Amino acid sequence: MKPVSLIQFLIEERRAGHINAELSLLIEVVARACKRISVATNKGALGGVLGMAAGEGDAASINVQGEAQKKLDVISNEILLEANAWGGHLAACASEEMEDPQPIPDMYPKGNHLLLFDPLDGSSNIDVNISVGTIFSVLRCPDGVTEPKAEHFLQAGTEQLAAGYVVYGPATVMVLTFGHGTHEFTLDREVGSFVLSRRDIRIPEATGEFAINMSNQRHWEAPMQRYVGELLAGKDGPRGRDFNMRWVASMVADVHRIITRGGVFFYPLDAKIKAKGGKLRLMYEANPMAFIVEQAGGAATTGRERILGVQPNGLHQRVPVFLGSREEVERATHYHREADGLR
Ligand code: P6P
C-alpha cells in the first residue's frame, strides 16, 4: 500500500472536518522543528551539544523549574520558538524552559492558537544516549485576546485541539491526536518526511508491565504502597500473576512503550514532592500525554481524578500522573479514592 505522509494525513483530517487549515499548518511547522531537533540530538558528542548549557566554571543555567539546563534543552527550545515565530499560526507559545509565555513578534503574522511544549523531555538522559523527546499541546486562543498572558493558557486538558510527542530514539517517531484517534508517524530520513506507521492505535486494557521509580517507594502514600506491593507479590499475591517493571526516566520513552505494547506509568505524589503537587507538569506533559493515551483507549488520572478534567491554576503546575492500560489505572485510582473515602 502507498505510504501516507504526515502532509497527506493532515489533508485527510481537514477533509474529515477534524481540523482547520491553520491547525494543519501549525502541526507541519512543529513537525519540521522536531526534525531539526532530531538532527541536533542525533549528532551526540560530535555536535558539541552534550553537557550543561552553562560553560565549564560558569554559573549553571537554571530554568524556571529550578533545573540545570542541558545545551540541547536550550537549543530545542530555540528551534521551536524560532520556527513558530514566523509560522503565522500562533498567538503565543509557552515552554517548560521559560517562566512566561512568549508572544509572537509584531513583525510576524499571528494566528488563533496557543502552543505549549516541553522542548526536550528527559534531557538528563541525553549524555547517556537514552531516548528523549518533545511533548506539545495546542489550545485555542480566547477570542479577542491579542497579547495572550499566562492566564489565557490555563484551560483544562479537555480543551486541547491537538497533542503530540516526538521520541528521538533509534527511530524518530511522532505520535499525534486531534481527538479522533491516536496515530503514529515514523521519520523517513532519506525523504525527510514523517510517514504514517500506525493509524488508530489501541492500548490493551490489561497489562503485565508497570513503570515507576521504585527508589521513591518509602515516600509514597499508603494506597500506592498497597497497589505496587500487590504487583511485586506477583502470582503469590492477590493479583495471581507476575508483573514486569520498566523505568526509562524519560516520560516520552516510557509512554511510547505503553502506546506500542500497553503498560502503565506512574509518577505518584510522595512526601518529597507533595508540596509541589507532583513531579510532572500538567500543561505540557500530563495533559498532552493524557489526551494521546485516552484517544488510544487508555486512561489517565492524577490518582484521584481524570487529568484532562483538572482546572489549571498555574502555567507550570505539577500533578501526579497515572496513565496507560485502563484496568491498572482504574485499579490504582480506586485504591486512592477509597482511601480518601470517595466512591
Ligand atoms: P525521576 C524527566 O526529567 C522527567 O521529567 C520525565 O521525563 C520522567 O518520567 C521523570 O522526570 C523521571 O523522574 O525522578 O525518575 O528522575
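Check the range 142-163 and report whether any residue there is among the aromatic types (Phe, Trp, Tyr) and not in a helix (DSSP H, G or I). The answer is no; no qualifying residue exists.
Looking across the range 76-113 at every residue that is in a strand (DSSP E or B) and free of Cβ contacts under 8 Å to residues at least 40 places away in the same chain, the one that is surrounded by the most Cβ atoms within 10 Å (Cβ to Cβ) is identified as CYS93.
Among residues that are farther than 24 Å from ALA249 by Cα and touching a residue at least 60 places away in the same chain (Cβ under 8 Å), ASN129 is not included. Selection of the range 1-27 for residues being without any contact (Cβ under 8 Å) to a residue 60 or more places away in the chain and either assigned to a loop (DSSP other than H, G, I, E, B) or crowded, with 16+ Cβ neighbours inside 10 Å (or both) yields MET1, LYS2, LEU10, GLY17, ASN20, SER24.
When the residues of the range 245-260 are filtered to those that are more than 9 Å from the ligand (Cβ to nearest atom) and within 16 Å of MET174 (Cα to Cα), the one that is surrounded by the fewest Cβ atoms within 10 Å (Cβ to Cβ) is THR260. Screening ALA59 against (1) hydrophobic (A, V, I, L, M, F, W, C); (2) assigned to a loop (DSSP other than H, G, I, E, B); (3) modelled with pLDDT of 95 or more leaves a single unmet condition, (3).
Which fully enclosed strands (runs of 3 or more DSSP E) of the range 181-262 have 2 or more residues being within 17 Å of the chain's Cα centre (by Cα)? Counting at least 2 such residues, we get 182-188. Considering the conditions (1) within 13 Å of the ligand (Cβ to nearest atom); (2) exposed (fewer than 15 other Cβ atoms within 10 Å of the Cβ), GLY341 is excluded by exactly one of them, (1). Identify the residue in the range 126-139 that is open to solvent by 10 Å² or more (accessible area, probe 1.4 Å) and touching a helix residue (DSSP H, G or I) at 6+ places or on another chain (Cβ under 8 Å) and, among all such residues, is farthest from GLN160 (Cα to Cα). By that ranking, first place goes to ASN129. Can you find even one residue in the range 140-149 that is open to solvent by less than 70 Å² (accessible area, probe 1.4 Å), among the hydrophobic types (A, V, I, L, M, F, W, C) and either within 16 Å of the ligand (Cβ to nearest atom) or farther than 19 Å from GLN317 by Cβ (or both)? Yes, there is a match, as at least one residue in the range 140-149 is open to solvent by less than 70 Å² (accessible area, probe 1.4 Å), among the hydrophobic types (A, V, I, L, M, F, W, C) and either within 16 Å of the ligand (Cβ to nearest atom) or farther than 19 Å from GLN317 by Cβ (or both).
Candidates are the residues of the range 208-244 that are within 26 Å of PRO170 (Cα to Cα) and among the polar types (S, T, N, Q); the one that is nearest to the ligand (Cβ to nearest atom) is ASN213.
Tell me, please, whether a residue that is open to solvent by 10 Å² or more (accessible area, probe 1.4 Å), of a type in the set (Gly, Ala, Ser) and modelled with pLDDT under 95 can be found in the range 278-285. Checked the range 278-285: no residue is open to solvent by 10 Å² or more (accessible area, probe 1.4 Å), of a type in the set (Gly, Ala, Ser) and modelled with pLDDT under 95.
Give the range 161-214 a look and list any residue that's of a type in the set (A, V, I, L, M) and open to solvent by 40 Å² or more (accessible area, probe 1.4 Å), or say none. Within the range 161-214, ALA171, VAL191, ALA206, MET214 meet the criteria. Just the residues that are touching a residue at least 60 places away in the same chain (Cβ under 8 Å) and either near the ligand (Cβ under 10 Å from one of its atoms) or touching a helix residue (DSSP H, G or I) at 6+ places or on another chain (Cβ under 7 Å) (or both), please, taken from the range 267-289. If the condition is that a residue be touching a residue at least 60 places away in the same chain (Cβ under 8 Å) and either near the ligand (Cβ under 10 Å from one of its atoms) or touching a helix residue (DSSP H, G or I) at 6+ places or on another chain (Cβ under 7 Å) (or both), then ARG281, MET283, GLU285, ALA286, ASN287, MET289 are the ones that fit.
The values are calculated or read from the model by the stated rules, or taken from the named source; none is laboratory data. As the structure is a computational prediction, the values presented were derived from the model and not from experiment. In this analysis, Cβ positions are derived from the backbone assuming ideal geometry, glycine residues included, and neighbour counts consider all displayed protein chains. Just so you know, the surface numbers come from the protein's heavy atoms only, side chains and all, with ligands and any DNA or RNA stripped out. Shrake-Rupley method; radii C 1.70, N 1.55, O 1.52, S 1.80 Å.
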